[in-house]
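No lab work stands behind these numbers, since they all come straight from the coordinates. Keep in mind that this is a model prediction, so the values were computed, not measured. Ideal geometry is used to build each Cβ from the backbone, glycine not excepted, and the neighbour counts take in all protein chains shown.
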Amino acid sequence: MLADVYLAVKAHALLAGIDCAIGAEHIDANAAPPRVVWVPTADSITPGQGRRNTTAKEPKAVLTRRAGVRIRCWGKAEASDDAVDDIRAVEELVRRVLVAIHETCFGAYEATAIEWVGGDGQEVAQYGRAADVVVAFEVPVMKDASPLATLAVITTAEMTGEVQFPNSVVSATPSP
């Protein structure tokens, strides 16, 4: 699920100390940079991509959901109102988010774009800059686990045996 992906990425060490939230309602919330807000967008569904694990007998994914998300990265340079420094702060935040995603979701995502968020005049100078990172995560859609399972009962009743050593005989119950 997308919420699980968000929580796993948010917990990455590179995002320690960064204010993170999920949901469009948090885009305009009163807060200060650095800040990362995940906003779910459009999803697509394809046939299941999972492979059957023959040892654990895990079921194959029924479908694969490509969960789209727009990740707003909002940064501001400390002790500077220079646009170059603000852009550098946003780029560093984007880098951290992308590395955290890569290390958490290796091979199960696709980052497709970075779109700079426009601002006008004084608002940009006071509050920094922002960029949206467009990502889609591959989330398998699995069937519920079967409520029925095979149960094997092993009893040791009437299992006896002998082990013969060169100088004696040892009896034991149960015997393998």
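Here the label points at Val141 and Arg66, each 7 Å from Cα along the C-beta direction, are separated by 1.5 nm in the simple model. Coupling constants for the range 82-95 follow from the phi torsions by the Karplus curve (6.51 cos²θ - 1.76 cosθ + 1.60, θ = phi - 60°), and in residue order they are 6, 4, 4, 5, 5, 5, 4, 5, 5, 4, 5, 5, 4, 4 Hz; glycine and proline get x. Computed 3J(HN,Hα) for the range 130-144, one whole-Hz value per residue from the Karplus formula 6.51 cos²θ - 1.76 cosθ + 1.60 where θ = phi - 60°, is 9, 9, 9, 9, 9, 9, 10, 9, 8, 10, x, 9, 10, 6, 5, glycine and proline marked x. Peptides 33-46, 76-89 ranked from most to least packed, by the mean per-residue count of other Cβ atoms within 10 Å: 33-46, 76-89.
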